[in-house]
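Each remark here refers to the structure printed beneath this line.
The values are calculated or read from the model by the stated rules, or taken from the named source; none is laboratory data. Given the structure is predicted, the values throughout are model-derived calculations rather than measurements. Here the Cβ positions follow ideal geometry from the backbone for every residue, glycine too, while neighbour counts run over all protein chains shown. Only protein heavy atoms, including side chains, enter the accessible area calculation; ligands, DNA and RNA are left aside. Shrake-Rupley method; radii C 1.70, N 1.55, O 1.52, S 1.80 Å.
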Amino acid sequence: MNHRFWMNLLCVALLTLILLHGASRGHDDVVKIGAIFTLKTINGRVSKIAIQAAEKDVNSDPRILGGRKLSITIHDSNFSGFLGFIGALKFLVTDTVAIIGPQSSVMAHVLSHLANELHVPLLSSTALDPTLTPLQYPYFLQTAPSDHFHMNAVADLISYFSWREVIAVFSDDDQSRNGITVLGDKLAERRCKLSYKAALPPDPTATPSHVTGQLVKIKSMESRVIVLNTFAQTGLLVFEVAQKLGMMSKGYVWIATAWLSTVLDSTTSLPSNTCNSIQGVITFRPHTPHSRKKQAFISRWKHISNGSIGLNPYGLYAYDSVWMIAEALKLFFDRNGTISFSNNTNLSGTREETLDFGALSVFDGGKELLDNILRINMTGLTGPIQFGSDRSPLNPSYDILNVIATGYRRVGYWSNYSGLSVITPEKLHAEPANRSISSQHLNRVIWPGNTTEKPRGWVFPNNGRQLRIGIPNRVSYQDMVSQINGTNAVQGYCIDIFLAAIKLLPYAVQYKFILFGDGHNNPSYYNLVNMITSDVFDAAVGDIAIVTDRTKIVDFTQPYIESGLVVVAPVKKLKSNAWAFLRPFTPQMWGVTAFFFLFVGAVVWILEHRTNDEFRGSPREQIVTVLWFSFSTMFFAHRENTVSPLGRVVLIIWLFVVLIINSSYTASLTSILTVQQLSSPITGIDSLISSSDRIGFQVGSFAANYLTEQLNIPKHRLVPLGSPEEYAVALESGTVAAVVDERPYVELFLSNHCQFSIRGQEFTKSGWGFVSVF
């Protein structure tokens, strides 16, 4: 409901009652302050005691207000916005200069409009709605860190433990609802998200049936990280119901906002069933640094509270709020300020028969008093008190508490300055700010189920839609098909890769495998890819090659195996015989080698016979010398010496060539005699292209398109084959001269058919990947 409309409606209904009592005026030596709390709540009771103690302390020192006295009237709103509004009107018509409260953000939104109009500052340490901004409500001041910082701390905690999805349970009021909105924004900045928001009736009207209905829904969801942003009565009810539903067991993460720390601090003894229901919960508490002043007040607390309730930080903030007003008034009076009120020109002409809106007067010194409060620089029970340019308290920070069997333990701190740390914020403020991931630390946490192992934060949901994963049902996959129809457990290399990748994800993914194809004929992989774009499948897993035309319509993962097209053809074994020693070189090579032996012998003879007696003699002797010299160099056994420089150069070069020839011959002959030799007229894809032989390909593969579109092989030369058995039959019968397929298939085929072999090199480079549309 619009707050301004509600305010106007209540004004019309209530001003008659207020104004019938008249607008009494106080004495000059008494400064009136109002306070609005629900006194049946923990924070209401603690704040009342703290405010009364602060009032007594201020009035005991005449130097503060120059002999004047504070008179603080506390009004009980009793969980009712209606009664809270009445209390505010009573204060505003009786010369009240400031109001501490209201306790709830719902009323803060409404009363801030009155404060803006009548210039009466409102100071609240419990109405921490982040939407109560100074731009819209200049006379409203939050004296404790707003939920903007609180939700920032919660988001940092969630990010620290690497959880990605969070469920929020909250009371459907302004403060809780707006706090969750801020939490959603802060999580998005950290690449996390709120997967579900469970709204409960405003505190304390929630019933077990309300809570049970929401928690049953949450229990069937994926996320197990739950943030509970509400107030004490509703919060404890949620934990009680959660324990009955088995939601306080191992695997769950419960993060409660600061309401739980107030329960732990202020309740002297919790029932055993309540203690059991909150074990392992993480909660936050506004951090207040240790000081002698604070310790003295804590020691004094048991006396002033009569042991009825424990002290929590919001009591300290309430105490400091009184002192802030007192210090601001001191400065106001020191500057010769006087408390005076004047008619509001906007209301002076609104007199009705029974309503006199002119009775609502404007505090003339309200703007100066507000400015004095904003300029406060003092040390209170909560530490240094100072407001920033955005009117937020100086250095907001929180203790992070872990509820255990004996109470709670502090596992760290959060501050807006340095994030998560096990070092107190005061010490970190003296060092340069460091929000790096490596600097974020917390002590060990004991989670629900009494375990120190960090919960994963998610499970497979019972109500989530399963991803439809298409799997090509090839003829050769009959074992896999029977298992899918039976137990839905698929086996195979590609499936194993997919399952391993799923396990690495930080969130749950539900999926089901759906066969594509009838199992009697290989399906078309192009059709499988197209069915993803037409929303028949969400993804496809299998031996799907990453090729250019497919990447234009779908997205592939990174390849998990290399692949490429190769040629496989029949081969014959070459039998060894007496002339095997001639096989290392072809006849042409033998002829060229013999020619060069003779040629080099002739060249050396020409260079040496004139000066070297070993190359002289009769023509017959010289021919024999040339032949002997030439062929003896093959074994480096020549006896003739060379004396001419050119002859020696030629001989050195020739001996180096002979060394290479000998090495090549020896290696080739060794290979021939030790390795089985296979021969085939097909030497690779080039020989296939130049021939007119028929070529087999796998049905459904991209090989057919590649051969026809990229290599320009006529379609009539291509023969579709559906299985490895068909490959073998076609090759053996001569139906096809060779088969072109991807290397993984060919290697699997050759493991059972040794009479065939890969011919030539792999002539395409690609890989297999999983398919989806992002």
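General remarks:
- Cα gyration tensor category, rounded, prolate or oblate, for the range 34-175 with a/c compared to 1.5: prolate
- Euclidean distance of C-alpha centroids, the range 417-470 and the range 50-88, integer Å: 42 Å
- Stokes-Einstein diffusion coefficient of the chain, Kirkwood radius over Cα pairs, 20 °C, 1.002 mPa s, in µm²/s: 62 µm²/s
- Shown are Cys275, Cys192, Cys754, whose ranking by accessible area with a 1.4 Å probe and every protein chain present, most to least, is Cys754, Cys275, Cys192.
- Two-decimal ratio, the range 109-218, of alpha-carbon radius of gyration to 2.2 N^0.38 Å: 1.23
- Set of the range 53-91 residues, backbone N closer than 20 Å to the point 7 Å along the Cα-Cβ line of His303: 53-62
- Accessible area of His716 (1.4 Å probe, protein heavy atoms only, ligands and nucleic acids ignored): about 140 Å².
- Sorting Asp29, Asp95 by accessible area puts them as Asp29, Asp95; the probe is 1.4 Å, largest comes first, and only protein heavy atoms count.
- Beta-bridge orientation, the chain: approximately 45 percent antiparallel, per DSSP, counting only bridges with both partners inside.
- Net charge in the neighbourhood of Ala703 (other residues with Cβ under 15 Å of its Cβ; Lys, Arg +1, Asp, Glu -1) is 0.
- For the set Arg444, Arg616, Arg45, the ranking by accessible area, highest first and with no ligand, DNA or RNA atoms included, is Arg444, Arg616, Arg45 under a 1.4 Å probe.
- For Glu725, solvent-accessible area (1.4 Å; no DNA, RNA or ligand), Å²: 120 Å²
- Span-rule helices in the chain, defined as complete DSSP H runs reaching 27 Å or more along the axis (Cα) with Kyte mean at least 0.0: 313-334, 587-608, 645-674
- The distance from the alpha carbon centre of the range 694-772 to that of the range 495-539 is 24 Å, rounded to a whole number.
- Charge dipole magnitude, Cβ of K and R +1, D and E -1 - the chain, Cα centre, debye nearest 20: 1300 debye
- Sites Arg409 and Ser220, calculated FRET efficiency, Cβ-Cβ separation with R0 41 Å, nearest 0.05: 0.80
- For the range 678-767, a Kirkwood hydrodynamic radius built from all Cα pairs, placed in the Stokes-Einstein relation at 10 °C and 1.306 mPa s, yields a translational diffusion coefficient of 119 µm²/s.
- Heavy-atom accessible surface of the chain: percent carbon and sulfur, 1.4 Å: 56 percent
- Global form of the range 97-166, assessed from the alpha-carbon gyration tensor, a/c cut-off 1.5: prolate
- Spin-label model, Arg190/Asn705: points 7 Å from Cα along the beta carbon direction are separated by 4.6 nm.
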